[in-house]
Amino acid sequence: MSIRNFLKSNDAFAYALALAFLVIAMLTAISVGSVAVPVSDIVKIIGAHVFRLPIADQVDSMYVTIVSQIRLPRVLLAGFVGASLAIAGAAFQGLLRNPLADPYILGVSSGASVGAVTTLFFNISIPLLGFYTLPVISIAAALLTILLVLFFARRVDRTMRVETIILTGIIFSSFLGSLISLIIALTGDELQQIMGWLLGSVSMRGWSHIGIIVPFFIVGSLLLLMNSRELNAMSFGEERAQHLGVDVERRKLVILVAGSILTGAAVAVSGAIGFVGLVIPHLTRRLWGPDHVHLLPLSILTGAGFLMLTDLISRTIISPTILPIGVITALIGAPVFAVILMKQRKNA
Amino acid sequence: MLNLDHVSGGYDGQPVVQDIHFSVSPGEFFGILGPNGSGKTTLMKMISGLIPCMSGSIQLNNQNIRHFSRKALAKKMAVLPQLTAHTFSYTVRETVALGRYAHHEGFFQTWTPEDEHVLQTVMAQTNITAFKHEAVQELSGGEQQRVFLAQALAQQPNLLLLDEPTNHLDLAYQKNLLDLLKKGAEQEGLTVVSIFHDLNLASLYCDRLLLLHEGRERALATPDGVLTEDLIQEVYQAEVKKHPHPEVAKPQMYLLPDEAETTEEVTIGPSMLDIRPEHITLTAPIPLRTISSGVCGAGIGWHRDFVNRHVLCDYNCSDPEGEMRDYLERNGFDTSRTVGMMTAVQMEDAAYGVWENDYISVFTVVTAGTGNATDSARAAGQTRPAVQGTINIWLFVNGYVTEDAFIQAIMTATEAKAQALRELGIKDETTGTIATGTSTDSILVAATQQGETLPYAGTATELGQLIGKSVYAETKKAIQRYQAG
C-alpha cells in the first residue's frame, strides 16, 4: 500500500515512468530481430525522419531500410493498436463499473472482426470512404455489437451484474466467431491467412495501416479524454453520476461510440487482439489509482509499449516462425482475467 | 424551496406514486415514511430528476426541475445514496472532489482555490480529513457514508435528499450523521428531505413527516400528528404503542410482539408474600407494570421483585440508594427488576389483604409508622430522621391498568390513607393538626397487565373503590398494630 500511495501521490513520476517504458519498449522492439540494429542508429534514423534531415552517412543503408520500411511501421502500428485497445478497455471498465470489461471479452472485437471479414471477402468498398471503408464498417459493427450486448444484458438482468455482462459478451463472441467461420467456409480459400488475421497480427502491414488507425485513434482518444471526469462519476453508478450533475445518457453514448471507434479501428488494422484492454488498465489502476484523468493517458502509454513488446516476443520467441500476437496477449491476459475474477468473487 | 404539485409517476407507464402534493420550506428537515413498496424511493427519484413525472410538476425555487440542466440541478440539489459496494478504489479525496463536478464548465476544467476551500471545509465538517488519502472501500460503513455525505455537500446544495441514510450504520454513526444534518439544517439553512425506515429516528429529527401508503399520501403533519397508533397500525400492519421520548418532546413508537404462547393468567396474592424481620418481599411470576416512589427501582417500569426493608431508627446514610442496592444484591435480588423501599417499622406489623369483586382483585400491603406524621397542608419542612415513621403502601392490581388509571390509583390510595390517619386522630406534632401522611411515605402500584382492561381508577369506578377501601382498611390496621407494638 505504501508504495502505491507514493506512486499515486506523484503524477509527474507516473507519466515519466510510463513514457520511459514506452521509449525503451519501442527502441528494443525496433532493435531486436533477425538483424539486430544498434539503438544509436535507430535514434539517428528516426531523428532524421522526424526533423526531415538527410540520414547521417555512417548509418548502414540496410539498417535504414529495415527500420524505415519494416520495423518502425510495424512497431508503431503495434503501439497504436495497443494504445487504442488499452484506453478503450479502461473506458469500458469505468463505464460499466467492471474491471473485467474489455473490448475482446465484451464481444466488441468479434463484432468488429465480422465487419472487417465481411468487408475484406466481399470486397465491399463504399464510395467516398475508399481506403477507410474497412475501419468504418469495423467501427459500425463494433458499436452495433456493444449496444446489442448491453441491451441483452439489461433484458436478462436489470441490475447488469458483472457476470451477466460477461456471459452475454461470451455468447456474442462465440456467435460472431461462428459467423466468421461461416463466411470463411463459404469463401473457401485462404483459411490459414484468415486464421492468422483473426488471432491478430501487426506484421507486414506497413505505413498505410498506420494511416488508417491514426485518425481514429486521435478522435477516439480525445473523446474519451474529454470524458474522464464523467467516467470517474459513472464509476460510482449511473444514478450517482446524474446526481453529481453528469448528463449520463449523452456521455454514455459518447463513451461507447469512442470505445467502438478505437476498437473497430484497431481490429481493422490488426485483427482481434484480446486482453490488452483488460491487462493494461488493470495494471495501470493498481499502480496509479482509478482516477480516469490519469488512468486514460497512462493506459495509452503503457498499452502502446506493452503491445510493442508483445509483438517482439511473438516474432522472436520461436523464430523464424511468427506467432499471432493475440496468442501472446491471451497467454498473459487469461490468467490475469482469472485472478481479477477470483478477487472480485472474494470481495462480493 | 421545493414544491410538489399533485405529482404522479412510476415506471413503464405504471404510476407507483400518485397525487403527491407538498412543499418544503428552506431549512426544514422533512421526512418521508412508508412501508416497503409504498413508493418512497420512486418519489425520491422523481424529486432528484431521475425519473419524470407522469402528471403534476416538481419545482425547485419556483422553477420546474425539468427546466434545469443536470449540472444546474446538481448545484442546487445533492443526493446522499444508500451505501453500495464500489468497484474501483478511489481515495477519499478523489471521491469528495467529484462533488465539485457540477461547478466546472468546459473541457479544460481546472481545480480552483475555491474548489479546494470547499473540499477542505466539507471534509472537516464530516470529520474525514484524517483519512483523505485512504481508499474509500477500506473504510467502515459509517466512514464511507460520511465520505459520500462530504461529496454531496461539496456540491454546495440548498437541498439535500437522502434515501435511508442510516441504513447499515452503527447506532453511534446513525446519531452522528443525523446530528450533522440537523446542524446543517439549523445553522446553514440546508433543506433536508429524507426517507426513513426507522419511525423513531424520523420522529426525533424531522420537523414534518409525510406518510405514504400504496403510493398515496396517508398523512402529512408533525411527527406527533403522523405517528399515531391508529395510522401506523393501519399503514404498516403492525401493532405499535406510542410513548413520549423520555428526554425529547417527540413521540416514539414501540412494536408489540405477538405473544409466543398464551401465558397463564397470573393473580398476585398473599401466597407470594414473604414476611421476615429484616424485610417483606413479594416476587411475582411475571414482570409487573409499576409506578412507584421508593429508594430504588422507582418511577415507571417493569419489575418482578418488591422489597420493603426494615432499617433501624437511626439509619443514616449519605447514599441510601447505593446502600439499598448493595443490600438487595447481598440478598440475591436483581436490582434491575426490583423496587426497594425502607421503613423503621417492625415487619410483623404489616397489614395486607386481598380485596375483590366479581371481576377485579387488588392485593394491598401496608407497613405504617406515624412518628413522622405530617399535615401536608401545613408542613414546614421539618427535618426529622428520614425513616422513623413511614407509611409504605403496595397495591397489586390483577388486571390491565392504563396510564390514566395508574395515576388515579395513586390519587385514590393517597386520599384513603389520609382518611385513615384522620379517623385515627394522628397529629402532626409540630402544627398540632391532623396529619395526612408522613414525610417519607412511599407508594407502589403494580399491575399484571392481563385480563380485564381497567381504564380508570377514580373513586367512581369499581377499581377505585377497591383501592380506596383496601388502602383505608389496611393502613388503619397497620397503624393500630404499630401503636400497639
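Pull out a ≥ b ≥ c, the square roots of the eigenvalues of the alpha-carbon gyration tensor of the stretch A:209-252, then state rounded if a/c is under 1.5, prolate if not and a/b is larger than b/c, and oblate in the remaining case.
Values: a/c = 4.01, a/b = 3.58, b/c = 1.12.
Since a/c reaches 1.5 and a/b is larger than b/c, the shape of the stretch A:209-252 is classed as prolate.
What does the net charge come to around B:GLY332 if you take all other residues with beta carbon closer than 15 Å to its beta carbon, with K and R at +1 and D and E at -1? Mind showing how you got there, number by number?
Details: positive: B:ARG276, B:ARG304, B:ARG309, B:ARG325, B:ARG330, B:ARG337; negative: B:ASP274, B:GLU278, B:ASP305, B:ASP326, B:GLU329, B:ASP334.
Net charge around B:GLY332: 0.
What's the magnitude of the charge dipole for chain A around its Cα centre, counting Lys and Arg as +1 and Asp and Glu as -1 at the beta-carbon? Answer in Debye, nearest 20.
On the way: 23 positive and 16 negative charges, 169 e Å.
I would put it at about 820 debye.
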Study note, to complete from the structure: For B:LYS242, the lysines lying under 24 Å Cα to Cα, once residues fewer than eight places off in the same chain are dropped, come out as B:LYS40, B:LYS175, B:LYS182, B:LYS250
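Specify whether the C-alpha gyration tensor of chain B places it in the rounded, prolate or oblate class, a ≥ b ≥ c being the square roots of the eigenvalues: rounded for a/c under 1.5, otherwise prolate if a/b is larger than b/c and oblate if not. Could you put the intermediate results ahead of the total?
Details: a/c = 3.16, a/b = 2.40, b/c = 1.32.
Judged from the Cα gyration tensor, chain B comes out prolate (a/c at least 1.5, a/b above b/c).
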**Study point:** Kirkwood Rh in Å, taken over all unlike Cα pairs in the stretch A:1-139
**Key:** 18.6
Check your understanding: Over the stretch B:299-420, what number does the Rg to Rh ratio reach, with both radii from the alpha-carbon atoms and Rh per Kirkwood?
Key -> 0.97
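Would you calculate the volume per residue, in Å³, of the smallest convex hull containing every Cα atom of chain A?
Numbers: hull volume 53.8 nm³, N = 348.
For chain A, the hull spanned by Cα atoms encloses 155 Å³ per residue.
Counting partner chain Cβ atoms within 10 Å of every residue's Cβ in B:239-248, what's the average?
On the way: counts 0, 0, 0, 0, 0, 0, 0, 0, 0, 0.
Counting other chains' Cβ atoms within 10 Å and averaging over B:239-248 gives 0.
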Practice item. Give the Debye-formula value of log10 I(q)/I(0) at each listed q (0.11, 0.19 Å⁻¹), with one equal scatterer per alpha carbon of the stretch B:299-369, two decimals each. Key: -0.36, -0.92
Review point. Could you give me the ³J(HN,Hα) list for the stretch B:90-97, computed from phi with Karplus coefficients 6.51, -1.76, 1.60 and θ = phi - 60°, whole Hz, x at Gly and Pro?
Key: 6, 7, 4, 4, 4, 5, 5, 4
Practice item. Note down the nm distance, to one decimal, between modelled labels 7 Å out along Cα→Cβ at A:LEU179 and at B:ASP207. Key: 5.9
**Study point:** Rel. contact order, % - alpha carbon contacts under 8 angstrom, at least six apart, the stretch A:112-158
**Key:** 42
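What relative contact order, as a whole-number percentage, does chain B give when Cα pairs under 8 Å and 6 or more residues apart are counted?
Numbers: 1015 pairs, mean separation 58.2, N = 485.
Answer for chain B is 12 percent.
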Check your understanding: What number, in nm² with one decimal, is the all-direction average of the projected area of the convex hull of the alpha-carbon atoms of the stretch B:270-484?
Key -> 11.2
**Study point:** Residue of A:GLY211, A:GLY200, A:GLY115 that the Gaussian network model of chain A assigns the largest fluctuation, springs spanning Cα pairs under 10 Å
**Key:** A:GLY211
Study note, to complete from the structure: FRET efficiency (B:GLU356, B:LYS175; Cβ distance; R0 45 Å; to 0.05) is 0.40
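Classify the stretch B:2-255 as rounded, prolate or oblate, taking a ≥ b ≥ c as the square roots of the eigenvalues of its Cα gyration tensor: rounded when a/c is under 1.5, otherwise prolate if a/b is larger than b/c and oblate if not. Spell out each step's value before the answer.
Details: a/c = 1.93, a/b = 1.34, b/c = 1.44.
In terms of gyration-tensor shape, oblate.
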**Study point:** Average Cα contact separation per residue, chain A, under 8 Å, 6 or more apart, as relative contact order %
**Key:** 31
Review point. Mind listing P(r) for the protein assembly as shown? All alpha-carbon pairs, 20 Å bins, whole percents.
Key: 13, 30, 23, 17, 11, 6, 1
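Give the order of A:HIS292, B:HIS168, B:HIS213, B:HIS303 when sorted by the count of other beta carbons within 10 angstrom, beginning with the fewest. Mind showing how you got there, number by number?
Values: A:HIS292 29, B:HIS168 13, B:HIS213 17, B:HIS303 20.
Final ranking by Cβ density, sparse to dense: B:HIS168, B:HIS213, B:HIS303, A:HIS292.
Where a number appears in this text, it was derived from the coordinates with a stated rule and is not lab data. Since the model is a prediction, treat every value here as computed from it, not as a measurement. Virtual Cβ from ideal backbone geometry, glycine too; neighbours counted across all protein chains shown.
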